[in-house]
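Q: My questions will all concern the structure given below.
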Amino acid sequence: MSELADASRELARLAARALEVTAPSSVEEERARRLRDHVEGYLLPRAADLDAPLLILLLGPTGAGKSSILNTIAAAPVSRTGALRPTTREAVLYATEDDRRHLLEAGRLARVPSARLATVGAPAAASGVAVVDAPDIDSVERENRFVADVLLEACDLCVFVTTATRYADLVPYDVLRRVRERGLPLIVVLNRLPPNRAEREIVLADATRLLGHEGIADGASVIPVQEGERDPARDALAPQALHQLLERIHGLAEDRDERRRASAEALAGALRGLTPLVHAVANDVESAAADADSAHHLAAEVYEQELDALRGKLREGAFLREQVLREWHDFVGADQITRFFATGLGKVRALLVGTLRPRPQAPVVAVEQETMSSLVALALQHAGEAARRTSSGWLLRADTARLLEDRGQLWSGSDALGPALREELKVWIRGIADDVRGRRGRGHARRFRAHRRNHGHGARHRRRHGVPEPEAPRGHLRRARDGRARRAGAEASRRRALRALRPRTRPLRRSRSVGRRAAGRRRRSPRGGRAHAGMSDLARCLARLEDAIDAANALGLDTAAARDVSERARTRLAHVGEAYVLALVGGTGVGKSTLLNALAGSEVSAASARRPTTDQPQAWVPAARRGQLGPLLEWLGVGAVREHDGDRIGSVAILDLPDIDSVARDHRARVDELLPRVDAVAWVVDPEKYKDQVLHDAYLRGWVRRLGRQIIVLNRADILSPRDAASVRDDLVRQLRTAGLPEVPVALTRARDGADGVAEVRRWLESEVEAKAVITARVGAEVRAAIWDLARRGGAEDGEARPIAAEARRATALDDAARGVLALIDEPGLSAQAAAATRLAARKSGTGPMGIVTSVIYRWSGRARVAADPVGYLRRWRRRGSLAPASEPLRALLAETLPTLPATLRPSVAALAEPSALERRLADALDRAVAAQADTVVVPRSRLWALIGAAQYLVTALLLAALFVLDRPAVGSVDVPVLGPVPAPVLFIAAVLLAGYLLALALRLHAGWLGRRWGRRVAASVRAEVDSRVKHDLFLPLDALEASRTRLAAATRNAGTDCPNESIP
């Protein structure tokens, strides 16, 4: 036994671990819980002590008589009974004090909540045997089923209690299969058998057959108890009716060896039944592990692809904007390159500029901020896309789709990724900054060598990449070499940044870890509308449904169910006549067929004690309407039809449907097929089944709001006293109210008493109700429910489509995106290009003959196209950086809205955050803005330039004249202080040159002033156009989604008024 105990403890540990890794509320979780509870609650304590008290469990559906049996065993009213269901809401343990203490200390009942366990003392003669009355296994009280399942795994003997009405119910057989699987000794008590001997034998034989069919009858004894065999004084069954059970319990209590044999038998059966359960749980764990590996592989593959894409973009070196690179190279010292490579006057000029111009401050902060924001934006963009693609793949899998329903944040990257990347990047950027500061103190030699190496192939870089000359940023047409040096330095900086960043891309992999947050919202369907409307209203109602379907399709929602509703509604309206169809719906044995026969006054539908009885729909129709109802019944698939001549109920055709809860699963499938097509429903229940979970959860909760005319029939009220019948009716109404369902009339019937017992239902049927009103109400309610379902899944419940993104947050994101796009426009560079273009135009008309020559050279060499072309500079915006910083605010905005959206809407919204889609829309908006401005960019002109040009021609002529007479001595000389006599021609030439220089300086100053002013206007115009385009175009797809949601909300609101919304009494 010690080895068994050790193995049981290890198995319990593994079962608990399996329970942790299985999906919540799944079949796999239920199996793992059973294994854990069985090992902890039974195997371990029983293997440790075979002499421990036997635990006998009274198990069964609600209202079967378990508490009465416990009272019979105790010969006293120890467990409360009553007409209301469920009666027993906590487990009642009947045991001696020593046995109770032993059971609790051994852990047999450890999984039963203390608040759900009541104990009743047993006499010493009952020592060694404890009996526990479990709560029901099939009522609306879900906690009852949980306690019953725990007790089932801990007991030594099961006494299963059912009735002549319930013996074919499906839910109890699911529990009995577990009894069989764990090898538990079983006794079946078949309670409330009919008094009629023939019917009693039919029920007993059929119940035995069903038990044998399920493999449960082997070794199980069946104890029949006839209806009425009671002991009212003890609120129990008559002892003679249960003498077999009582003798078995008393024999176990009196004989220790018999108890030990029973314990060994139960333990052996438990061990035999343990193997299949362990294998099943092991298979579940292996399957879950395989699913997890598959899901992880999918995620890893997607993230690796996005990481490769990120590396590719970093290799392109497009993550730093040109403006920041210019500031960087201004600081590094591009002017020194000009000085070292220049000769003659250019060298003198470079020396003067280098001496007089103050050195720029190190742009460490700007570079650090730009680098960090660009790289973080780029990484977050790819991480978000990886999360979206992963979630899209997971959505197609059953195991991970459940995970996505409660965790909307899985559609976007981890919130922790951004801060983690920033911390990693700070270390790298600080290292670069420290290196730069150190280089500034080491003189210019190293900078010269580095720049000279880059300068040699700078022209090739410029031609290949279309890099702008430094004319624009530096403000003078003669500084071409500065631009080449800056571009070469930019390439070198980018390569160094890429080499430093590659080892730090690993934090992206950590973006797969996403914080677990569950968010849930309670939703309720909007209600409203007006009283009964005519058939003409249905046309508008169906039009609303079509609007809702179109809007839902645009949102990417599944509209198959709504289209089915539309098709059914149109088909039903094609068969409108003077009669409507009422279906009798309920569980097996509640008396649907008996009710119909009582209404008809003859046998229309065969009634029997065997369960289930009705396997095909039976129709009872007015003879006068048979012709009209023929096509409708054919559409319903009802072939068995009986006619009647009743005038009082001549506007209704009644269908007796199969049951909804028996072991014959095809019966429920047939009901589910017909229920959407009928016009009205009579929900038939009885005192035993009126609170069954199947009825309330699977039918009433989903169908009551979709029916205009309906009634709940509480049949078999004859087995209750009038007072108890009224209490049960009130309890049923209270349950409907608690579930938030609308008021439904409840009628008490005693169908076995014939026509007198169904008077309430007959009066309801005979009430003045127009068939068309019932049909329109039914169709209207069904269409309205379909629209509300679409609205719920589209986030437009209550007829209100709240914006996906708040207006203020949206405006902020658009402003940030516009700033990011304008950074690529590079307004300072654009203004400088405009100024350079103006100076180039001024050179042509204002510099005289030499200006014409230099202008031709500039245009021929391509410098004018690169350095003085604002339109070309605008169109080359793609070469100045990445759109990731501009698209990141939009991606972040959409990502943060995902957890608040319905799970069905998240894929469509997440698709809008796809980086390529965002960048494509940004690029399109920017291209259109550039195209719109390109035609308006005209270089300004000035008449002053022509005057200066004419003066330059005059100066040129005078200079030539002076050169012509320079060698003639007769010209004379002029005394100049310090210099002495200077030949007059030389002095004249100097004066002419000075005049030419002053004219050129005036031209340059005026052209520069005019160009800068025009450049500011161009930049402002482009800024306004880009801002307008981005804010107008960027959210067009989101606006389309919002428009669809608005249409869906409007259809929902209008459905409340256009769809007939009358509850017909």
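Q: Considering region 538-583 alone, what residues qualify as being part of a loop (DSSP other than H, G, I, E, B) and either in contact with a helix residue (DSSP H, G or I) (Cβ under 6 Å, 6 or more places away or on another chain) or β-branched (Val, Ile, Thr) (or both)?
A: Listed by number, the residues that qualify are 555, 556, 557, 559, 575, 576, 577, 578, 579.
Q: Same structure again: Residues being out of contact with any helix residue (DSSP H, G or I) (no Cβ under 6 Å at 6 or more places or on another chain), under 22 Å from residue 708 (Cα atoms) and in a loop (DSSP other than H, G, I, E, B): count how many of those fall in region 658-696.
A: Of the residues in region 658-696, 1 are out of contact with any helix residue (DSSP H, G or I) (no Cβ under 6 Å at 6 or more places or on another chain), under 22 Å from residue 708 (Cα atoms) and in a loop (DSSP other than H, G, I, E, B).
Q: May I ask you to list the residues in region 683-725 that are loosely packed, with under 15 Cβ neighbours inside 10 Å and either in the same structural domain as residue 227 (by TED's automatic domain parsing) or of a type outside the set (D, E, K, R) (or both)?
A: 702, 721, 722
Q: Please go through region 391-423 and give me each residue that is among the basic types (Lys, Arg) and in a helix (DSSP H, G or I), ordered by number.
A: Result: 402, 422.
Q: Of all residues in region 1-30, which are out of contact with any Asp or Glu (no Cβ under 7 Å at 6 or more places or on another chain), of a type in the set (Gly, Ala, Ser) and not in a helix (DSSP H, G or I)?
A: 25, 26
Q: For region 584-611, give me each residue that is in a helix (DSSP H, G or I) and of a type in the set (Lys, Arg).
A: Hit for region 584-611 is 592, nothing else.
Q: Here's a follow-up. Suppose we filter region 688-704 for residues that are under 17 Å from residue 730 (Cα atoms) and without any contact (Cβ under 8 Å) to a residue 40 or more places away in the chain; how many remain?
A: Summing the residues that are under 17 Å from residue 730 (Cα atoms) and without any contact (Cβ under 8 Å) to a residue 40 or more places away in the chain in region 688-704 gives 0.
Q: Among 579, 562, 552, which is under 24 Å from residue 1044 (Cα atoms), touching a Gly at 6+ places or on another chain (Cβ under 8 Å), crowded, with 19+ Cβ neighbours inside 10 Å and not aromatic (Phe, Trp, Tyr)?
A: Just a single option satisfies the conditions, and that option is 552.
Q: Mind telling me which of the residues 96, 165, 119 ends up being touching a strand residue (DSSP E or B) at 6+ places or on another chain (Cβ under 6 Å), outside the structural domain of residue 259 (by TED's automatic domain parsing) and of a type in the set (S, T, N, Q)?
A: Going through 96, 165, 119 in turn, just one is touching a strand residue (DSSP E or B) at 6+ places or on another chain (Cβ under 6 Å), outside the structural domain of residue 259 (by TED's automatic domain parsing) and of a type in the set (S, T, N, Q): 119.
Q: Here are 59, 11: which of them is surrounded by fewer than 24 Cβ atoms within 10 Å (Cβ to Cβ) and aliphatic (A, V, I, L, M)?
A: The unique qualifying residue is 11.
Q: Residues 768, 782: which one is more than 28 Å from residue 944 (Cα to Cα), among the acidic types (Asp, Glu) and either at pLDDT below 90 or in the same structural domain as residue 956 (by TED's automatic domain parsing) (or both)?
A: Unique residue meeting the criteria: 768.
Q: Return the pair list, or none, for Cβ contacts closer than 8 Å from residues in region 233-261 that are closer than 19 Å to residue 127 by Cα and assigned by TED's automatic domain parsing to the domain that holds residue 192 to residues that are in a helix (DSSP H, G or I) and of a type in the set (S, T, N, Q), at least 6 apart or on different chains.
A: 246/72
Q: From the list 821, 909, 871, 853, exactly one residue is at pLDDT 80 or above, more than 24 Å from residue 1014 (Cβ to Cβ) and out of contact with any His (no Cβ under 6 Å at 6 or more places or on another chain). Which is it?
A: 909
Q: Please go through region 103-157 and pick out each residue that is without any contact (Cβ under 8 Å) to a residue 60 or more places away in the chain and either among the aliphatic types (A, V, I, L, M) or touching a His at 6+ places or on another chain (Cβ under 7 Å) (or both).
A: 103, 104, 112, 115, 117, 118, 120, 122, 124, 147 - these are the residues of region 103-157 that are without any contact (Cβ under 8 Å) to a residue 60 or more places away in the chain and either among the aliphatic types (A, V, I, L, M) or touching a His at 6+ places or on another chain (Cβ under 7 Å) (or both).
Q: Somewhere in region 732-751, is a residue crowded, with 24+ Cβ neighbours inside 10 Å and over 25 Å from residue 545 (Cα atoms)?
A: Taking every residue of region 732-751 in turn, at least one turns out to be crowded, with 24+ Cβ neighbours inside 10 Å and over 25 Å from residue 545 (Cα atoms).
Q: Starting from residues that are aliphatic (A, V, I, L, M) and in contact with an Asp or Glu (Cβ under 7 Å, 6 or more places away or on another chain), keep the ones in region 913-941 and report whichever is nearest to residue 383 (Cα to Cα).
A: 925
Q: Among the residues of region 930-955, how many are of a type outside the set (A, V, I, L, M, F, W, C), under 16 Å from residue 873 (Cβ atoms) and surrounded by fewer than 18 Cβ atoms within 10 Å (Cβ to Cβ)?
A: 2
Conditions tested, residue by residue: (1) assigned by TED's automatic domain parsing to the domain that holds residue 674; (2) modelled with pLDDT of 85 or more; (3) in contact with a Phe, Trp or Tyr (Cβ under 9 Å, 6 or more places away or on another chain).
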position: 526; (1), (2), (3): no, no, yes
position: 532; (1), (2), (3): no, no, no
position: 543; (1), (2), (3): no, yes, no
position: 577; (1), (2), (3): yes, yes, no
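Q: Determine whether region 192-202 contains at least one residue that is within 18 Å of residue 590 (Cα to Cα), of a type in the set (Asp, Glu), surrounded by fewer than 19 Cβ atoms within 10 Å (Cβ to Cβ) and in contact (Cβ under 8 Å) with a residue 24 or more places away in the chain.
A: Checking region 192-202: at least one residue is within 18 Å of residue 590 (Cα to Cα), of a type in the set (Asp, Glu), surrounded by fewer than 19 Cβ atoms within 10 Å (Cβ to Cβ) and in contact (Cβ under 8 Å) with a residue 24 or more places away in the chain.
Q: Here's another thing I want to ask about it. Looking only at residues in region 878-894 that are assigned to a helix (DSSP H, G or I) and crowded, with 24+ Cβ neighbours inside 10 Å, which one is nearest to the chain's Cα centre (by Cα)?
A: Taking the candidates together, the pick is 894.
Q: To continue, here is another question. Could you pull out every one of the helices (runs of 4 or more DSSP H) wholly within region 33-124 that has 2 or more residues that are within 30 Å of residue 734 (Cβ to Cβ), out of contact with any Lys or Arg (no Cβ under 9 Å at 6 or more places or on another chain) and modelled with pLDDT of 95 or more?
A: 66-74
Results for (1) more than 60 Å from the chain's Cα centre (by Cα); (2) assigned by TED's automatic domain parsing to the domain that holds residue 390; (3) more than 30 Å from residue 837 (Cβ to Cβ), shown as yes or no for each residue.
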position: 904; (1), (2), (3): no, no, yes
position: 907; (1), (2), (3): no, no, yes
position: 918; (1), (2), (3): no, no, yes
position: 931; (1), (2), (3): no, no, no
position: 934; (1), (2), (3): no, no, no
position: 945; (1), (2), (3): yes, no, no
position: 951; (1), (2), (3): yes, no, no
position: 955; (1), (2), (3): yes, no, no
position: 962; (1), (2), (3): yes, no, yes
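The values are calculated or read from the model by the stated rules, or taken from the named source; none is laboratory data. Remember, predicted model here, so these are calculated numbers, not experimental data. Every residue, glycine among them, receives a Cβ derived from its backbone with ideal geometry; neighbour counts consider all protein chains shown.
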